[in-house]
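Q: Here you go, one structure.
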Amino acid sequence: MNKEEARLSKYRGSLKHKDWRPGGGFGTLCPKWTHQAGDQGFSGDPFSHPWHLTIAHQLLCQSHEDARGHRYAARNGIAFKAQLSNDGTWHGYPVAWNEVPFEVHDVLIAKGQATRREMKRQKSIDSNDIRWALKSDDE
């Protein structure tokens, strides 16, 4: 494992992006398919979940880093942003395409993760709705 792979291998989701309010904070909600580990769904404990088997982890490993150190990937027309957590792990969450740096759009298209049509279609979505990414909850 090279240095970059080792740095990205520490993915752990955040309860802030799940369908309940642990401790109050709430961000955009992640589709369930991002946290499936084989036939096992997310149990609610981010410390015991096998993140290395999830699409969320795959997305982090396939992501592109911008100038500010945030990482971006896309799947099913949804853009995801990952950032470092306070404990050295990464967590990711859906973001509207207008929140993705423009120069990253071309990279994700070149990688085959997104199309301009998907980007255009999703730009009309109200990104203040924490549930907007759940509309594509089947893969």
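What follows is calculated from the coordinates using simple rules that are stated; it is not laboratory data. All values reported here derive from a predicted model rather than from experimental measurement. Cβ placement follows ideal geometry from the backbone for every residue including glycine, while neighbour counts extend to all protein chains displayed.
Q: Please work out whether region 42-94 counts as rounded, prolate or oblate from its C-alpha gyration tensor, where a ≥ b ≥ c are the square roots of the eigenvalues and a/c under 1.5 means rounded, while otherwise a/b larger than b/c means prolate and anything else oblate? Each step should come with its number before you reach the end.
A: Working: a/c = 2.17, a/b = 1.31, b/c = 1.65.
Judged from the Cα gyration tensor, region 42-94 comes out oblate (a/c at least 1.5, b/c at or above a/b).
Q: Then there's this: What's the FRET efficiency of Lys111 with Asp66 using the Cβ-Cβ distance as r and R₀ = 25 Å, to the nearest 0.05? Walk me through the intermediate numbers first.
A: Numbers: r = 14 Å, r/R0 = 0.57.
Efficiency computed from Cβ-Cβ geometry: 0.95.
Q: Greater than 19 Å separation of Cα atoms is the criterion. Which listed pairs, Lys32/Lys120; Lys81/Lys111; Lys32/Lys111, meet it? Intermediate results must be reported in sequence, preceding the final value.
A: On the way: Lys32/Lys120 24 Å; Lys81/Lys111 16 Å; Lys32/Lys111 23 Å.
Over 19 Å apart, Cα to Cα: Lys32/Lys120; Lys32/Lys111.
Q: Then there's this: If packing is taken as the mean number of other Cβ atoms within 10 Å per residue, what is the order of 99-106, 82-89, highest first? It would help to have the intermediate numbers written out before the result.
A: Values: 99-106: 14.5, 82-89: 12.5.
Per-residue Cβ counts within 10 Å, averaged per peptide and sorted highest first, yield 99-106, 82-89.
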